[in-house]
1. Please report how far the C-alpha centroid of region 91-106 lies from that of region 1-36, rounded to the nearest whole angstrom.
2. Going Cα to Cα from Lys135, which lysines come in below 30 Å? Please leave out same-chain ones fewer than 8 positions away.
3. Looking at the chain only, what percent of DSSP beta bridges run antiparallel? Nearest 5 please.
4. Heavy-atom accessible area per residue, region 107-220, 1.4 Å probe: how many Å²?
5. Tell me, what % of the accessible area of region 1-157 is carbon and sulfur with a 1.4 angstrom probe?
6. For a quick protection proxy, order the peptides 117-130, 159-172 by their average other-Cβ count within 10 Å, most packed first.
7. Order 186-192, 70-76 from most to least packed using the mean count of other Cβ atoms within 10 Å.
8. I need the shape label for the chain. Rule: rounded when a/c is under 1.5, else prolate if a/b > b/c, else oblate, with a, b, c from the alpha carbon gyration tensor.
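The values are calculated or read from the model by the stated rules, or taken from the named source; none is laboratory data. Predicted model only: the values in this text are computed from it and were never measured. So basically every Cβ, Gly included, is an ideal-geometry build from the backbone, and we count neighbours across all protein chains shown. Just the protein is used for accessible areas: all its heavy atoms, side chains included, with ligands, DNA and RNA removed. Shrake-Rupley method; radii C 1.70, N 1.55, O 1.52, S 1.80 Å.
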Amino acid sequence: MRRLILLGAPGAGKGTQAQMLEQELGIPQISTGDILRGAIKAGTTLGQKAKGYMDRGDYVPDAVVIGLVRERLQQADTTEGWNLDGFPRTPGQAEALDTLLQQLHQHIEGVVLIDVPEPVLVERMTGRRICPLCKRVFHLSFNPPPPVPPYCTDHSDCPGELIQRPDDSIEVVPNRLAKYRQQTEPLVDYYAAQGKLHIVNGNRTPDEVYAALLTLLLAEQPPEHKTEHN
Ligand code: AMP
């Protein structure tokens, strides 16, 4: 499958897996979070509008993100596949996506829930550090960046200086998890009812999760509700 949605709580590893899928299989990652952070950095009207919501850990209004995805899915690099990372996040977004894909004569081939226990999510988010230039993701304990100065040069010759996302702070993380439970978790049932849901255990290393994901993507059987045990 080459048209898929990665579902999961913040910190579940959706972005990491989406980057791996893009690098290894050439499936374009469409991350609404990255698009919004890019808009903030560029100082656009969209960015100014989104920043307050994001810094508090609230969701950006549906109409805004739906518009972004509508635009992105009409760009040429997505005609053969896409991997939605962080969208849809609400039932309204999921319904808008179904409508948009009908118009584009495309369909979702599978939805993968990356399942991670909540205490692990908190530890992952608060320890996360990112490179604002190349988007590489580190973790202070699990994937430590190069020693002082904290540049990501060791890995990519990138002079980026690592930062903590404002919404990864311990003050904001509980609100993000609450928003996920209230607004996004219902999508698990939504896609299970469509027979599109797969569940992958995300509480292990990125390589192990990726291997499980690959097995799912390459599986030929129809996408029923499958659980991957490990
Ligand atoms: P992420 O990088 O996916 O963790 O997203 C970071 C933040 O961007 C979220 O906490 C929201 O404030 C905003 N955001 C990203 N995607 C969406 C979406 N699909 N709907 C609403 N807000 C979003």
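1. Taking the Cα centre of region 1-36 as reference, the centre of region 91-106 is 18 Å away.
2. Reachable lysines: Lys14, Lys41, Lys49, Lys51, Lys179, Lys196.
3. 25
4. With the other protein chains kept in place, region 107-220 gives 51 Å² per residue.
5. Answer for region 1-157 is 52 percent, counting heavy atoms of protein chains only.
6. Going from most to least packed, we get 117-130, 159-172.
7. For the peptides 186-192, 70-76, the packing ranking is 186-192, 70-76.
8. Rounded shape, in that the Cα axes give a/c under 1.5.
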